[in-house]
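A.B. asks: Can you read through this structure? Questions will come right after.
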Amino acid sequence: MSEVAIAKKAAIVEEVTEKFSAAASAVIVDYRGLTVDQVTELRKQLRDANIEMKVIKNSILVRAAEKAGLNGLEEVFTGPTAVAFSNEDVVAPAKIIDEFASKADKLEIKGGIIEGKVASIEEITALAKLPNRDGLLSMLLSVLQAPVRNVAYAVKAVAEKEEEVA
């Protein structure tokens, strides 16, 4: 192998290592059996959520994961492999891919990375069931509003009772 080819591969490994390190989450899938239209639609959905999906050679993925300190992914990097990287939303790639896989049964989740830790298929699927960031924020807001709402109801009840007495 020429020095130029080796340098190119080293650069690609470095780029993928940086993507693994910077990712809030990454979902690793086997896309074998999907039609071109299905892959295009999946990429569009991911792109709309600021998630990058790349098809990368397994040998490069193994080296990059090793350099990023992600041990235990070697057995996941077999067959056709695509990785969806999200730098912002931890839940979004798992949610979009899990939902897409329910319609396109050829798409198979093989594993992933959640906040720098290797995740199993079960953990990725569980993550997909969580509400997205906006849903979690609205849940938090309703929890924070509950005490204020309860005080308002109590004050209103006391005021109504005082009106009845008067």
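A.B. asks: Can you find, within segment 78-89, the residue that is nearest to the chain's Cα centre (by Cα) among those that are open to solvent by less than 10 Å² (accessible area, probe 1.4 Å) and of a type in the set (V, I, T)?
C.D. replies: V83
A.B. asks: Counting only residues that are part of a loop (DSSP other than H, G, I, E, B) and modelled with pLDDT of 85 or more, which one in segment 105-144 is least open to solvent (accessible area, probe 1.4 Å)? Explain how you work it out, then say what you get.
C.D. replies: As a first pass, look at segment 105-144 and keep what is part of a loop (DSSP other than H, G, I, E, B): 105-107, 115-116, 120, 130-132.
Next, from what is left, pick out any that are modelled with pLDDT of 85 or more: 106-107, 115-116, 120.
On the way: K106: 119, L107: 9, E115: 129, G116: 44, S120: 46 Å².
Only one residue fits best here, namely L107.
A.B. asks: Enumerate the pairs (first residue in segment 1-19 and of a type in the set (D, E); second residue anywhere and surrounded by 10 or more Cβ atoms within 10 Å (Cβ to Cβ) and modelled with pLDDT under 90) with beta-carbon separation below 8 Å, excluding pairs fewer than 6 apart on the same chain, so at least 6 apart or on different chains.
C.D. replies: Note: no pairs meet the criteria.
A.B. asks: Same structure, new question: I'd like the full set of residues that are under 16 Å from V91 (Cα atoms) and crowded, with 17+ Cβ neighbours inside 10 Å, limited to segment 21-39. Quick ask: steps written out before the conclusion?
C.D. replies: At the first step, the residues of segment 21-39 found to be under 16 Å from V91 (Cα atoms) are 22-29.
The answer is A23, A24, S25, A26, V27, I28, V29.
A.B. asks: Out of everything in segment 120-130 that is among the aliphatic types (A, V, I, L, M) and touching a residue at least 24 places away in the same chain (Cβ under 8 Å), what residue ends up being farthest from T78 (Cα to Cα)? Break it down into steps so the answer makes sense when it comes.
C.D. replies: Within segment 120-130, the subset among the aliphatic types (A, V, I, L, M) is 121, 124, 126-128, 130.
From what is left, the residues that are touching a residue at least 24 places away in the same chain (Cβ under 8 Å) are 124, 127-128, 130.
On the way: I124: 18, L127: 23, A128: 23, L130: 28 Å.
Checking each candidate, the answer is L130.
A.B. asks: A further question on this structure: Quick one: is E74 closer than 24 Å to E18 by Cβ and among the charged types (D, E, K, R)? Please lay out each step first, then the result.
C.D. replies: Numbers: closer than 24 Å to E18 by Cβ: yes; among the charged types (D, E, K, R): yes.
So E74 fits the description; yes.
A.B. asks: Take the residues in segment 90-104 that are loosely packed, with under 14 Cβ neighbours inside 10 Å and more than 13 Å from the chain's Cα centre (by Cα), then tell me which one is nearest to V39 (Cα to Cα).
C.D. replies: Taking segment 90-104 first, the residues loosely packed, with under 14 Cβ neighbours inside 10 Å are 99, 102-103.
The next check asks that each one be more than 13 Å from the chain's Cα centre (by Cα); those that pass are 102-103.
Working: S102: 14, K103: 12 Å.
Applying the filter and picking the extreme gives K103.
A.B. asks: Does segment 9-17 contain any residue that is farther than 23 Å from E122 by Cα and either small (G, A, S) or in contact with a His (Cβ under 7 Å, 6 or more places away or on another chain) (or both)?
C.D. replies: Taking segment 9-17 first, the residues farther than 23 Å from E122 by Cα are 9-17.
Filter again for either small (G, A, S) or in contact with a His (Cβ under 7 Å, 6 or more places away or on another chain) (or both), leaving 10-11.
Within segment 9-17, one or more residues are farther than 23 Å from E122 by Cα and either small (G, A, S) or in contact with a His (Cβ under 7 Å, 6 or more places away or on another chain) (or both).
A.B. asks: Turning to a different aspect of this structure: Would you check which residues across segment 40-77 are β-branched (V, I, T) and either open to solvent by less than 30 Å² (accessible area, probe 1.4 Å) or in contact (Cβ under 8 Å) with a residue 24 or more places away in the chain (or both) and list them? Working first, answer last.
C.D. replies: Kept after step one, since they are β-branched (V, I, T), are these residues of segment 40-77: 40, 51, 55-56, 60, 62, 76.
Residues satisfying the conditions are I51, V55, I56, I60, V76.
This table checks each residue for (1) under 16 Å from Q45 (Cβ atoms); (2) touching a Phe, Trp or Tyr at 6+ places or on another chain (Cβ under 9 Å); (3) without any contact (Cβ under 8 Å) to a residue 60 or more places away in the chain.
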site	(1), (2), (3)
P93	yes, yes, no
I96	yes, no, yes
L107	yes, yes, no
K117	no, no, yes
D134	no, no, yes
A154	no, no, yes
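The values are calculated or read from the model by the stated rules, or taken from the named source; none is laboratory data. No experiment lies behind these values; they were computed from the predicted model shown. Cβ coordinates were reconstructed from backbone atoms using ideal geometry, including for glycine residues, and neighbour counts include every protein chain displayed. When the accessible area is computed, the model is the full protein with side chains, heavy atoms only, and any ligands, DNA or RNA have been set aside. Shrake-Rupley method; radii C 1.70, N 1.55, O 1.52, S 1.80 Å.
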